[in-house]
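The values are calculated or read from the model by the stated rules, or taken from the named source; none is laboratory data. On a predicted model such as this, the values are computed, not experimentally measured, just so you know. All Cβ positions, glycine included, derive from the backbone under ideal geometry; neighbour counts span all protein chains shown.
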Amino acid sequence: GAVVSQHPSRVICKSGTSVKIECRSLDFQATTMFWYRQFPKQSLMLMATSNEGSKATYEQGVEKDKFLINHASLTLSTLTVTSAHPEDSSFYICSAGSDRENEQYFGPGTRLTVT
Amino acid sequence: AQSVTQPDIHITVSEGASLELRCNYSYGATPYLFWYVQSPGQGLQLLLKYFSGDTLVQGIKGFEAEFKRSQSSFNLRKPSVHWSDAAEYFCAVGTYGNKLVFGAGTILRVKS
């Protein structure tokens with residue numbers, strides 16, 4: 001299957017700072033990338049969908065000014081958590097999909113801890 | 001609205017015993033259905049998927065699932081569980097725009 005990487009795998013930042021998470025599709029061109037958030041012992045909640053070269057579409061209740069998503073190329077999407085607060089601490093997972101397949105390939109996730 | 005229900009939060013089975021994880025979905029059109037497995041602190045690995053055709057789907061690691069439209073179910077099964085199968089399992093339905101709606105997950109514990 002296709003390989004999706006995320007960087008960093010873990011990050012600790014201070015409250016009020018911003019942190020960027022990268023999601024890369026390593027061996028295919030991802031026309032669509034998805035960002036999920038997973039709280040401890042809970043399921044994945046879709047935050048936003050990004051298509052290469054266009055603005056991301058955010059799910060209801062997700063602050064687009066707080067969670068900035070950029071999908072500048074067919075292999076890279078970034079999620080920037082701006083002015084992070086402890087309640088933003090979570091496990092963030094990206095996935096990538098192509099037009100040809102009704103399937104998403106998931107990255108390994110990024111553990112964000114805001115102190 | 002689309003939804004996925006996994007009624008069992010935790011399941012414990014003995015190693016070598018059979019396993020069935022339940023999944024019910026609500027979706028207006030013909031569903032795309034998936035089962036994923038997640039080990040602690042890891043991303044999701046696809047076990048199997050159903051798009052159309054044969055309603056009994058074979059996946060990796062000896063898992064299979066059966067799509068039953070009349071029951072809106074897509075239960076995951078394995079005839080003999082191994083200790084390494086201990087993980088959390090998520091059922092998901094694919095919706096418009098290739099979005100996925102996930103169930104709450106079922107944590108599988110394996111007794112030796």
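Values for this structure:
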{"read-out": "Qualifying residue in the range B:50-63 (condition: in a strand (DSSP E or B), more than 10 Å from the chain's Cα centre (by Cα), away from every other protein chain (no Cβ under 11 Å) and of a type in the set (A, V, I, L, M))", "value": "yes"}
{"read-out": "Test: residue in the range A:74-82 that is within 11 Å of chain B (Cβ to nearest Cβ) and modelled with pLDDT of 95 or more", "value": "no"}
{"read-out": "A:THR31 within 13 Å of another protein chain (Cβ to nearest Cβ), more than 29 Å from B:ILE107 (Cα to Cα), touching a Ser or Thr at 6+ places or on another chain (Cβ under 9 Å) and touching a residue at least 24 places away in the same chain (Cβ under 8 Å)", "value": "yes"}
{"read-out": "Residues being of a type outside the set (Asp, Glu), in a strand (DSSP E or B) and surrounded by 14 or more Cβ atoms within 10 Å (Cβ to Cβ) - total across the range A:8-44", "value": "16"}
